[in-house]
Amino acid sequence: MLSIFVTGVVTGFALIVAVGAQNAFVLRQGIRGERVLPIILVCMLSDVLAITVGVAGFGVVLERWPAVLPMAQIGGGLYLLAFGVQSAMRAWRPAALTADSGSTMTVRRAVLLTLALTWLNPHFYLDAILMLGTVANSFGDQRWWFCAGALTASAIWFPTLGFGARALRGVFARPSAWRVLDSGIAVVMAGLGIGLLAH
């Protein structure tokens with residue numbers, strides 16, 4: 001059970017930590033110290049909803065159509081490998097993130113923008129619902145341990161990124177920091193993809 005939980009944590013981090021619009025926004029607002037708490041709460045609650053639906057809903061589908069899991073594992077494995085390649089390409093040519101200036105953001109606008117960056121992103125559905133749901137259900141009855149691990153990764157990542165952003169400002173102003181991060185993501189994703197394809 002512990003190994004499944006740890007796999008959930010690692011997989012969750014690999015998917016959540018990837019540089020994208022949502023993380024860039026959280027980092028930017030964290031550096032500015034502006035509306036950080038409501039933003040990270042929206043991110044975490046969105047993950048709770050999507051990941052839980054993915055794990056639970058996918059389980060229902062599998063009960064009715066068992067053949068879906070092998071197909072999903074093949075598709076998921078290929079997707080993870082492609083994700084790993086993209087991360088490796090970003091590591092090859094990293095770019096620094098900048099926190100550009102702007103007017104003070106209201107809580108309402110911050111929440112709505114975070115919701116848009118999260119739920120209007122097709123990768124969110126692929127990652128949180130399809131991918132984590134597929135990997136979780138490969139563990140059968142113990143899939144909820146994997147789910148708990150993935151949710152733990154979310155609960156650690158967003159507060160760390162949001163509230164720790166000021167301390168990381170100098171680090172992530174350098175492309176080399178993103179090179180290290182994306183290289184690690186590439187290795188994890190490739191390993192998970194190969195694991196799903198070989199399962």
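Brief remarks on what is shown
- Residue identified as buried (at least 22 other Cβ atoms within 10 Å of the Cβ) and among the aliphatic types (A, V, I, L, M) among A167, A150: A150
- Of the residues making up segment 103-143, those that are more than 19 Å from the chain's Cα centre (by Cα) and charged (D, E, K, R) number 3.
- Exactly one residue out of A110, A99 is in contact with a Lys or Arg (Cβ under 7 Å, 6 or more places away or on another chain), closer than 15 Å to A21 by Cα and either hydroxyl-bearing (S, T, Y) or at pLDDT below 75 (or both), and it is A99.
- Per the listing V55, V61, V17, V48, the residue uniquely among the aliphatic types (A, V, I, L, M), over 18 Å from the mean Cα position of the chain (by Cα) and either modelled with pLDDT of 85 or more or closer than 25 Å to W119 by Cβ (or both) is V61.
- Search result, residues across segment 121-147 that are aromatic (F, W, Y), at pLDDT 85 or above and open to solvent by 20 Å² or more (accessible area, probe 1.4 Å): F139, W144, W145
- Residue within segment 19-28 that is in contact with a helix residue (DSSP H, G or I) (Cβ under 7 Å, 6 or more places away or on another chain), part of a helix (DSSP H, G or I) and either within 10 Å of A150 (Cα to Cα) or open to solvent by 40 Å² or more (accessible area, probe 1.4 Å) (or both) present: yes
The values are calculated or read from the model by the stated rules, or taken from the named source; none is laboratory data. All values derive from a computational prediction rather than experimental measurement. With ideal geometry, Cβ positions are generated from the backbone for all residues, glycine too; neighbour counts draw on all protein chains shown. Keep in mind that these areas ignore ligands, DNA and RNA; they rest on the heavy atoms of the full protein, side chains included. Shrake-Rupley method; radii C 1.70, N 1.55, O 1.52, S 1.80 Å.
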